[in-house]
Structure formats: structure tokens, C-alpha cells
Amino acid sequence: MTPHGETASPVVLYVCADRARGASGEAAQRAQTEGRAFARERGLTIAEVVTDTYGEPDPAQRRGWRRVRQLAQTGRVTAVLVRWPSAIAPESARELRHREAAWLRDQGVRVRYTWAPLSARGVEAR
């Protein structure tokens, strides 16, 4: 068992934070550090870290998110760790976020937010 009563499960850490290629990378680094700490505290194993540049509202149009879908579809991961909902799709396109969360759920994969205010409340994508 793990600290929160969870079993070790392979997860994918999805990071979509930097606004442009060649950006400083501070936001992406912070998201990775936070995601790794979240996984470690819960005994989760990060199978892969997948990144995208922030800006494209439709996750299905991003190479990294397509990789996340592939990992989910093949059963290689049980959850997607993401810092906050807007990393999947911005608030202006929240229907896309809900579409992706529903698709992942249909694959048996949970979306878990790693940002402390959301993770402390146990918020997951619906």
C-alpha cells in the first residue's frame, strides 16, 4: 500500500505550460516538479512525461496529447496527471476538456490535478 491507500500504478504526467518553443521553461519545470511530487507522495509510477506547448485549444490537435490518448488506449496508464484543467483545454474551450476527460474515463483512465489547491480537495476531471 502507498501513503494514501493507493496501489502503485503507472501514470502519465502531462505538461502543457510554456507558451512558445524556446520559452524559459519555468512553468513547465514547475508543473513537472509538482507532478513528480504528487506521484511520489501517492506511490504512483510515472511511466512517461509528455509535453506540449500551451496555446492550441483543442487537445486532439496537439502531438503530446495524442500520445497521452495512445497510452490510455493501450492500457499502459491508469491516470493522467496534469497541473490544472486549463492545461487540457482553456476555459474558453472547456467542452473540449470535458470531451477528453470523458474519453479517458471510457478507457478506464482518471485525470488527476496536481496543483495543491485542487489536489488537496481531491478534484478530478468530470
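The figures follow:
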read-out	value
Cut-off 14 Å, label 7 Å out along Cα→Cβ of SER9, residues of segment 77-99 by amide N	77-82
Formal net charge of residues neighbouring ALA60 (Cβ-Cβ distance under 9 Å; K, R +1; D, E -1)	+2
Evaluated over segment 5-105, the Cα radius of gyration and Dmax, each in Å	13.1, 40
Amide hydrogen neighbours beyond the local backbone of ASP52, cut-off 5 Å, H modeled	VAL15, CYS16, ALA17
Mean accessible surface per residue for segment 9-122, computed with a 1.4 Å probe while every protein chain stays in place, in Å²	51
Between segment 57-71 and segment 72-86, the alpha-carbon center distance in angstrom	11
Phi to ³J(HN,Hα) by Karplus 6.51 cos²θ - 1.76 cosθ + 1.60 over segment 105-112, Hz, x for Gly, Pro	4, 4, 8, x, 10, 8, 9, 10
FRET efficiency, GLN61 to ARG30 (Cβ-Cβ, R0 35 Å, nearest 0.05)	0.90
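The values are calculated or read from the model by the stated rules, or taken from the named source; none is laboratory data. Keep in mind the model is a prediction, meaning the values are calculated, not measured. Here Cβ is always computed from backbone atoms with ideal geometry, including for glycine, and neighbour counts include all displayed protein chains. SASA here: full protein model, heavy atoms, side chains in, ligands and nucleic acids out. Shrake-Rupley method; radii C 1.70, N 1.55, O 1.52, S 1.80 Å.
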